[in-house]
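Data first, discussion second: the structure below is written as structure tokens.
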Amino acid sequence: MEIIGSNFHCNLSEIHLNQIDPNNYKEQEEAFTAGALSVAALLHHNFIEPRYQYSRELDPIVGVSFTGLFDFFVHAFGVDWLRWWEKGRPATAEGLAFKRQEEEYLSFWKQTVHRVVWDYCDRHGLKRPNRCTTVQPSGTKSLLTGASPGWHPPKAQRFIRRITCRKNDPVALACLEYGYNIIPSQSDKDEQGNLLNDPFDPRVSEWLVEIPVAVSWADLPGADRIDISQFSAIAQIDFYMQVQRFYVTHNTSATIELRETEVETLGTRIYEAIKSDEGYISAALLARFDDLQTFPRLPFEPITKQRYEQLMKEVEMHRKTEDFHAVLSRYDFGDLIEAGPAGCDSDKCMMPEQTLM
């Protein structure tokens, strides 16, 4: 959990760092100020439910989050930062310099958030939250601006993002007219257990909308030579701990991807972080699979530059409208209870539930 507690509501906002210039500190300050004000203003709300109101009075909880941190730092530090990641983020002179700069950015944003929230609360007679920063889960939302989710590295410089929707969902139908491809989900199979291919087959219950994605720095000279999928678990947790120590005061949503050979090393590092009280709280662990055929139609599928460009040409070729909102309005009459992307489209949610005998 990113915000720990019970019987409470948390006011959340999110800054899309991939849209912000690393050299423009005024723009950064304004973005985090806006995020801080949006959560602080909601503290005026009075809950009808007594237990929620009591919790609010006891401990008002807000969380200003961000997404696209990895993209921001690539733009700030260039390909040399990526090469340092490739080496495992070692404590070299160059590496220590990078970490100091990461710390400066993270600390500046944290200080901005707390200053603005506390000033707002003081001026309006509201109880101050004692902590105001977090990194919440940000997967599908990050796609709105092409950001890498939260603090995490992207899956690749270019990839296919597959979002799960119900069959004939208004959003999916709008995406189809906008040029994106639609295929049946991983759960839709024929009598022999083979995946179905026709999204309009009557046996299909869920759709996958396939969106070709390229990160904002994909064309940076030399970036293509870095294999992001080979970033070590130790490098990931090192970056996660930077975020946890210098920005986050609640918890950081984190998924560390690792291979079997990294289990002992990562376990030791987590143990050390807890023993020395470095601020570690929790992180999810996800096994890496180098063979993409192990799980077909994954939520993320890395692709080459050539495949990305071909897919984008196909999107343009199949596009029937340039106004996504207009076509969405044509399909969505406002009476569908579950319109939109599925609540969860992670690898875990695509696997059948195990039942105990």
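Only the coordinates and a few stated rules stand behind these numbers; no lab work does. Fair warning: this is a prediction, and the values are worked out from it, not measured in the lab. Glycine gets a Cβ as well: all are built from the backbone with ideal geometry, and neighbour counts include every protein chain shown.
Dipole magnitude for the chain: about 640 debye, using +1 per Lys or Arg Cβ and -1 per Asp or Glu Cβ, origin at the Cα centre. On the beta carbon distance between residue 122 and residue 57, with R0 = 22 Å, the FRET formula returns roughly 0.85. Temperature 37 °C, viscosity 0.692 mPa s: under these conditions the Stokes-Einstein estimate for the stretch 186-248, based on its Kirkwood radius over C-alpha pairs, is 200 µm² per second. Computed from phi, the 3J(HN,Hα) profile of the stretch 229-244 under the Karplus parametrisation 6.51, -1.76, 1.60 (θ = phi - 60°) reads 5, 9, 4, 6, 5, 5, 5, 5, 5, 5, 5, 4, 5, 4, 5, 5 Hz, with x in place of Gly and Pro. Since only 47, 114, 196 are under comparison, the one whose Cα sits farthest along the positive direction of the charge dipole of the chain, derived from C-beta charges on Lys, Arg, Asp and Glu, is 114.
Considered as an equivalent ellipsoid built on the Cα gyration tensor, the stretch 1-100 has semi-axes of 37, 17, 9 Å, the largest given first.
Once you order the gyration tensor axes a ≥ b ≥ c over the Cα atoms, which shape class does the stretch 72-183 get: rounded for a/c under 1.5, otherwise prolate or oblate by comparing a/b with b/c? Oblate, because a/c is 1.5 or more while a/b does not exceed b/c.
The DSSP beta bridges internal to the chain are antiparallel in roughly 60% of cases. What separates the Cα centres of the stretch 222-276 and the stretch 104-131 is a distance of 28 Å.
Which one is right for this structure if mean projected area of the Cα convex hull in nm² is calculated from it: (i) 22.4; (ii) 19.9; (iii) 17.9? Checking each listed value against the structure points to (i). What residues of the stretch 116-141 lie in the reach of a label at residue 4, counting those whose backbone N is under 20 Å from a point 7 Å from the Cα along Cα→Cβ? Only 129-137 pass the distance filter.
Using the beta-carbon distance between residue 264 and residue 325 and R0 = 51 Å, what value does 1/(1 + (r/R0)^6) give for FRET efficiency, to the nearest 0.05? Can you show the working numbers first?
Working: r = 51 Å, r/R0 = 1.00.
Efficiency, rounded to the nearest 0.05: 0.50.
Note that the stretch 183-292 shows a convex hull volume over its alpha carbon atoms of 186 Å³ per residue.
How do the peptides 149-156, 41-48, 223-230 rank, highest first, by the average count of neighbouring beta carbon atoms within 10 Å per residue? Before the final figure, lay out each step's value.
Working: 149-156: 23.5, 41-48: 11.9, 223-230: 14.4.
Highest to lowest by the protection proxy: 149-156, 223-230, 41-48.
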